[in-house]
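We did not get these values from a lab; they are worked out from the coordinates using the rules stated. These numbers come from a predicted model, not from an experiment. Reconstructed Cβ throughout: ideal geometry from the backbone, glycine too, with neighbour counts over all protein chains shown.
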Amino acid sequence: MEMTLDVRPLSPALGAEVVGADLSRPLSDDAFACIKRAHLDHCVLVFRDQHLTPAQHIAFSRRFGDLHIHMLEQYLMEDHPEILVLSNVRQGGRAIGFEDAGRYWHSDVTYEEVPPLGSLLYGVEVPPEGGDTLFANMYAAYEALDAATKRRVAGLRARHRYNIDRRRPRRGTIHVTDEQAAKIREVSHPVVRTHPESGRKALYVNPGFTVGIEGLAETDGAALLAELFDHIDDARFQYRHIWRQRDLVFWDNRCVMHHATDYDPVHTRHMLRTTVKGDRPV
Ligand code: OGA
Ligand code: MN
């Protein structure tokens with residue numbers, strides 16, 4: 001039987017729930033087209049109550065493009081390197097996943113030259129409260145800039161870097177090898193990018209990985225970024241996702257930032273992420 005999908009907006013800023021999809025099964029072309037359209041229109045899609053094996057999670061993700069393999073190979077799922085494990089579960093004294101990932105505003109992997117299209121995060125086990133994920137609409141953030149700031153940022157490029165030291169979480173769970181550290185290079189992307197599919201402009205700087213502005217003195221670049229980050233951090237651009245077990249959330253990394261929030265670590269939070277490769281930002 002053909003699935004009929006219902007797309008229900010979750011907040012005025014961004015986000016929609018897709019009702020009626022069983023992502024464990026191959027999608028018809030129609031269902032896929034509907035999800036693809038909704039993803040472009042709403043930027044974050046929530047699918048509740050999905051029962052997915054890693055292979056099914058990967059298969060659904062693959063409909064949107066080739067998958068990215070994260071550089072932190074110690075947190076990739078055994079036998080499924082396409083899956084990054086975000087988890088506070090420990091086995092034999094060792095964290096099986098990336099424990100404190102993303103507790104700051106960021107867009108995924110902007111420290112690479114060709115950052116991902118989007119990520120699909122699956123909540124296998126979520127705490128009874130806390131551990132929400134905030135999302136922010138970067139089209140809306142761009143559009144809300146005043147005309148003078150739009151002119152000032154037009155044509156600028158920002159420097160991005162995965163700064164392991166600055167981002168070392170409180171519980172110290174990121175262990176990068178010297179070899180991984182050596183692979184970290186600075187890259188640059190336009191401060192305002194044009195989404196390759198919607199054609200809309202989005203702000204593309206984030207407090208997590210953006211470290212400066214090309215061609216500006218360090219202090220001038222830092223001042224401009226501080227101004228933009230202050231502008232971005234505004235509830236009118238946001239949706240707060242309160243996780244339920246077995247939610248799959250798929251965000252568009254090209255026009256959305258996200259931010260993990262704290263939770264009581266006595267509870268388990270075990271999440272699996274696939275990441276779809278994207279285009280070089282322009
Ligand atoms: C991610 C991420 C946030 C969270 O998966 O990329 O930043 O709330 N996760 O787990
Ligand atoms: Mn992230």
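Given the Cα atoms of the range 1-133, and with Rh set as the inverse mean 1/r over their pairs in the Kirkwood sense, what is Rg to Rh to two decimals?
Rg/Rh: 0.96.
Kindly write out, for the range 181-189 in residue order, the coupling ³J(HN,Hα) from the Karplus curve 6.51 cos²θ - 1.76 cosθ + 1.60 (θ = phi - 60°), rounded to whole Hz, with x marking Gly and Pro.
Values per residue, Gly and Pro as x: 4, 5, 7, 7, 10, 7, 10, 10, 9 Hz.
GluC sites (Glu not before Pro), restricted to the range 46-93: which are DSSP loop and have at most 10 other Cβ atoms within 10 Å?
Taking the range 46-93 and a limit of 10 other Cβ atoms within 10 Å, the loop GluC sites (Glu not before Pro) found are GLU78.
Mean residue ellipticity at 222 nm from the helices of the chain, using -39,500 (n - 2.57) per DSSP H segment of n ≥ 4 over the full residue count, to the nearest 500 deg cm²/dmol?
Helix-only estimate at 222 nm: -6000 deg cm²/dmol.
Using mean Cβ contacts within 10 Å as the protection proxy, how do 259-268, 135-144 order, highest first?
Averaged packing, sorted descending, gives the order 135-144, 259-268.
Can you give the extra length, in nm with one decimal, that the chain gains between ALA181 and ARG37 once fully stretched, where that is 0.36 nm per residue apart less the Cα-Cα distance?
Between ALA181 and ARG37, full extension yields 48.0 nm more.
Over the Cα atoms of the chain, each weighted equally, I'd like the Debye log10 I(q)/I(0) at q = 0.10, 0.12, 0.17 Å⁻¹, rounded to two decimals.
For the chain at q = 0.10, 0.12, 0.17 Å⁻¹, log10 I(q)/I(0) is -0.51, -0.74, -1.51.
Could you compute the FRET efficiency for ASP22 and ALA217, with r as their C-beta to C-beta distance and R0 at 45 Å, rounded to 0.05?
Efficiency at R0 = 45 Å is approximately 0.25.
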